[in-house]
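The block underneath contains the structure these notes are about, expressed in structure tokens.
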Amino acid sequence: RTRSGPTPPLAEQGHRRCAAICDLTARSGVPVAEVRLKPSPASRPAIAPRNAAAEVKIGLETYEMTSDLVRVVEGVDDPAVGICLDPANTVARLEHPRETIDQVAGHVVNLHVKDFSFAKARGLVGFSLSGCELGTGLLDRGYLYDRVRPGARGINQIVEHWLAWQGSEGATIETEERWTARSLLVMKELGD
């Protein structure tokens, strides 16, 4: 027992955390709250929409197994709860980005737009997965935009980078600015 009383059950803790995130999101005027959680049957009540009047959507980011996230979203069965799609994240779980896109396309409420590539690790043992300038990596942008249709569906898009340190602060900022400008140009070309 602590000064504030016993620790609440996990579902209650999750609900409080989700409620706090939704409240902060609504106050800041952002349309989507991104939430990262380990999906389980207990997480369904924890992500129940808290602030429908503020039109805040909850996007569960694709860090966990895609099929688990889809089950949670479909179990909640509320248009204010969906998927924050980041196809690059799914590669780390050995899920193919196209398969992930197909599974979640109808549930996407937020889209992270970034590209990624594989390279042989130093010493030619293993591989590294890293970010790259949009349009130069493995992300099938055309397929992503055709399936998700973010512009037509009013889906919020975030330009994101997995940008490694470029040797200096100035070089890193310069690369990030170039990648961001390129991302915006590519997104415009895709009609979004």
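The numbers here are math on the coordinates, done by the rules we state, and not lab data. None of the values given here were measured: they were computed from a predicted structure. FYI the Cβ positions are ideal-geometry reconstructions off the backbone, even for glycines, and counts take in every protein chain you see.
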*Spacing of the two label points (7 Å from each Cα toward its C-beta) at Leu184 and Arg153, in nm*: 2.5 nm
*Obtain the radius of gyration and the Kirkwood radius of the stretch 105-192 from its C-alpha atoms and give Rg over Rh.*
1.03
*Once Rh is set to the Kirkwood radius over Cα pairs, what Stokes-Einstein translational diffusion coefficient, in µm²/s, holds for the stretch 60-125 at a temperature of 10 °C and a viscosity of 1.306 mPa s?*
125 µm²/s
*asked:* Can you pull out the trypsin sites (Lys or Arg not before Pro) in the stretch 88-192 whose DSSP state is coil and whose Cβ has at most 13 other Cβ atoms within 10 Å?
replied: Arg93
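Length gain on complete extension for the stretch Asp68 to Thr172, per 0.36 nm per residue less the alpha carbon to alpha carbon distance?
33.8 nm
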*Fewest first, what order do Ser183, Ser130, Ser168, Ser117 take by the number of other Cβ atoms within 10 Å?*
Ser168, Ser130, Ser117, Ser183
*Debye log10 I(q)/I(0) at q = 0.17, 0.33 Å⁻¹ for the stretch 143-183, Cα point scatterers*: -0.59, -1.10
